[in-house]
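Enquirer: Below is the structure I would like to discuss, written out as structure tokens.
What follows is calculated from the coordinates using simple rules that are stated; it is not laboratory data. These numbers were taken from a predicted model, which means no experiment stands behind them.
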Amino acid sequence: MPDTPFGLTVHGGAGVIRRGDLPPPLEAEYRAGLTAALAAGYGVLAGGGASLDAVVAAIRVLEDAPVFNAGRGAVLNAEGVCELDASIMDGRTQDAGAVAGLQRIRNPICLARDVLERTPHIMLIGGGAEAFAARLGYEFVPNEYFQTERRRRQLAEARELERQGEDRPPAGAERVTFATVDDNHFGTVGCAALDRQGNLAAGTSTGGMTNKQYGRVGDSPIIGAGTYARNATCALSATGHGEYFIRSVFGHNVSALMEYRGLSLEAASAEAMRQMAELGGTGGLAAIDRRGRVALPFNTPGMYRGYRVSGQPVFVAIFDEPAP
């Protein structure tokens with residue numbers, strides 16, 4: 001009888017990421033971060049650990065890497081402050097935890113896990129979430145810990161574009177944000193994992209959009225949109241323009257297409273992407289099903305992504321690169 005497959009897939013954001021625009025040292029840093037995240041999560045799974053533990057291990061690596069828009073290296077809001085969101089979901093129980101609007105928690109994915117396991121709630125936000133963290137003994141960090149010069153420059157560019165009126169979206173559209181400045185990618189990190197016991201889990205973490213206002217929250221902490229896991233179908237984390245992933249109930253849609261229409265993970269992911277794109281959205285996802293099959297579709301020029309599944313070679317990519 002063959003060994004039960006196990007493994008994980010990660011992403012670090014999708015968007016206009018072209019070979020000629022990404023300096024080789026920065027590209028190497030992105031690839032190293034993805035590889036390290038896969039190694040951390042796979043180590044948990046190979047040792048018989050739970051998929052939830054693997055998701056947290058992988059995302060913590062990405063939150064600590066300053067090139068990704070999550071944790072250290074997160075983008076700045078309109079007030080020049082990093083506000084962080086995260087979520088995690090257990091595919092076995094379909095329980096979940098999420099946090100939003102954090103400003104002093106080094107690894108938001110850890111607090112999302114504690115919301116799942118230590119409260120009867122699904123989502124805690126802002127000061128309330130941080131009060132919960134304080135009660136658990138979390139060590140707080142100053143907001144400056146998350147901030148990098150690259151993100152300050154992006155905010156300055158967004159503010160200048162807005163001041164000059166060079167970006168004039170139609171009424172009701174978003175203001176000048178991360179999507180219009182610098183490398184023009186939607187920064188989020190995420191992981192979906194399958195353990196040796198056949199249990200799925202997924203998690204997502206983000207700093208949101210540069211220059212966001214009014215406590216804006218995207219899809220990353222929304223269960224059924226940016227994060228979803230169900231043992232019967234799949235686990236996934238999405239990345240992209242969050243409003244469209246929320247409107248299309250993206251994560252749940254992939255699972256429902258598998259459960260009710262009998263589609264494969266690849267086909268369900270493609271169909272959910274098509275429906276989301278019809279609304280005007282762009283982005284991608286990292287997903288794994290109960291048999292260890294991975295899907296990493298995106299409708300942007302690039303997406304930071306990778307997977308490591310038992311019995312298969314490690315795959316890490318950014319551009320249009322075929323999997324082995």
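Enquirer: Would you kindly derive the ³J(HN,Hα) couplings of region 228-236 from the backbone phi angles with the Karplus curve 6.51 cos²θ - 1.76 cosθ + 1.60 (θ = phi - 60°), listing them in order in whole Hz, with x for Gly and Pro?
Expert: Coupling constants for region 228-236: 7, 8, 8, 3, 6, 10, 7, 10, 8 Hz.
Enquirer: Can you bin region 34-129 into rounded, prolate or oblate? Criterion: square roots of the alpha carbon gyration tensor eigenvalues sorted a ≥ b ≥ c, rounded for a/c under 1.5, prolate for a/b above b/c, oblate for the rest.
Expert: Working: a/c = 3.01, a/b = 1.22, b/c = 2.48.
Oblate, because a/c is 1.5 or more while a/b does not exceed b/c.
Enquirer: Just checking my list [x] 16.0; [y] 17.0; [z] 14.3 against mean projected area of the Cα convex hull in nm² computed from this structure; which label fits?
Expert: It is the value labelled [x].
Enquirer: Would region 262-311 count as rounded, prolate or oblate if I go by the C-alpha gyration tensor, calling it rounded below 1.5 in a/c and otherwise prolate when a/b exceeds b/c, oblate otherwise?
Expert: Values: a/c = 3.92, a/b = 1.44, b/c = 2.72.
Oblate shape, in that a/c is at least 1.5 and b/c is the bigger or equal ratio.
Enquirer: Relative contact order for the chain: what percent, with Cα pairs under 8 Å and sequence separation of 6 or more?
Expert: Numbers: 876 pairs, mean separation 82.0, N = 324.
Worked out over the chain, it gives 25 percent.
Enquirer: Measure nothing but the geometry: give the 0 to 90° angle between the long axis through the Cα atoms of 149-164 and the longest principal axis through the Cα atoms of the chain, rounded to 10°.
Expert: Here the helix axis deviates by roughly 50 degrees.
Enquirer: Then there is this: Taking the alpha-carbon centroid of each part, what is the distance from region 1-77 to region 247-276 in angstrom?
Expert: 23
Enquirer: Among Val44, Val314, Val99, whose mean-square fluctuation peaks in a Gaussian network model of the chain (Cα, cutoff 10 Å)?
Expert: Sorting by GNM fluctuation, first place goes to Val314.
Enquirer: Determine the shape class of region 209-324: with a ≥ b ≥ c the square roots of the Cα gyration tensor eigenvalues, call it rounded for a/c under 1.5, and otherwise prolate if a/b is greater than b/c, oblate otherwise. Provide the component values of the computation, followed by the final result.
Expert: Working: a/c = 1.78, a/b = 1.28, b/c = 1.39.
Verdict is oblate for region 209-324.
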